[in-house]
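A short worksheet on the structure shown next.
Any read-out appearing in this document is the output of simple, stated calculations on the displayed coordinates, not a laboratory observation. As the structure is a prediction and not an experimental result, all values here were calculated from the model. Here the Cβ is made from the backbone with ideal geometry for all residues, glycine too, and neighbour counts use every protein chain on show.
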Amino acid sequence: MSKNPYPLFSISKKDKPEQIKARIGLLIRLYLVNQHPIIAQAVVDHINAILAHPKFVYTIEQRCLYLRLATHWRCLAWLDN
């Protein structure tokens with residue numbers, strides 16, 4: 001069995017930032033139901049994918065907000081372990 005119980009939330013290079021952003025919302029709702037560190041790490045991975053996209057985050061303020069959000073979820077993943 002796969003270590004990741006939610007392989008559906010993997011990130012593809014073909015995914016558009018809007019799709020990734022929608023999946024972040026789904027992952028956050030899923031985490032509220034089931035606090036699993038893999039879900040929190042998936043949120044971090046999706047936020048990093050959005051930050052890596054060159055044309056999605058325009059301002060430095062947005063970029064800082066996404067970085068703070070990623071740090072928050074990274075801490076949640078660490079605490080749940």
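Give the angle, between 0 and 90 degrees and rounded to the nearest 10, that separates the Cα long axis of helix 37-52 from the longest principal axis of the Cα atoms of the chain.
Compared with the principal axis, the helix lies near 10 degrees.
Select from the stretch 4-81 those trypsin sites (Lys or Arg not before Pro) which occupy a DSSP coil region and have at most 10 other Cβ atoms within 10 Å, ordered by residue number. Please list the in-between numbers first.
Values: sites: LYS13, LYS14, LYS21, ARG23, ARG29, LYS55, ARG63, ARG68, ARG74; in loops: LYS13, LYS14, LYS55.
Sparse-neighbourhood loop trypsin sites (Lys or Arg not before Pro): LYS13, LYS14, LYS55.
Within the stretch 19-34, which residues have the backbone N less than 20 Å from the label spot 7 Å out from CYS64 along Cα→beta-carbon, could you tell me?
In the stretch 19-34, the label zone of CYS64 (backbone N under 20 Å from the point 7 Å along Cα→Cβ) covers no residue.
Please count, across the chain, the pairs of lysine residues with Cα atoms under 16 Å apart that sit 8 or more places apart or on different chains.
Working: LYS13/LYS21; LYS13/LYS55; LYS14/LYS55; LYS16/LYS55; LYS21/LYS55.
Count of close lysine pairs: 5.
Hey, for a label at ILE11 modelled as a point 7 Å past Cα toward Cβ, could you say which residues of the stretch 27-52 have their backbone N under 15 Å away?
27-28, 39-52
Can you give the alpha-carbon Rg of the chain over 2.2 N^0.38 Å, where N counts its residues?
Output field value: 1.08.
Whole-Hz Karplus ³J(HN,Hα) for the stretch 27-32, in order, using 6.51 cos²θ - 1.76 cosθ + 1.60 and θ = phi - 60°, x for Gly and Pro?
Once θ is set to phi - 60°, the couplings for the stretch 27-32 become 5, 5, 5, 5, 5, 5 Hz.
So if I place +1 on the C-beta of Lys and Arg and -1 on the C-beta of Asp and Glu, and nothing else carries charge, what would the dipole magnitude of the stretch 18-80 be about its Cα centre? I want it in debye, nearest 20. Please list the in-between numbers first.
Values: 7 positive and 4 negative charges, 22 e Å.
I would put it at about 100 debye.
With unit charges on the beta carbons (Lys and Arg positive, Asp and Glu negative) and the dipole taken about the Cα centre of the chain, which residue among ILE24, ILE38, ILE50 sits farthest to the positive side?
ILE50
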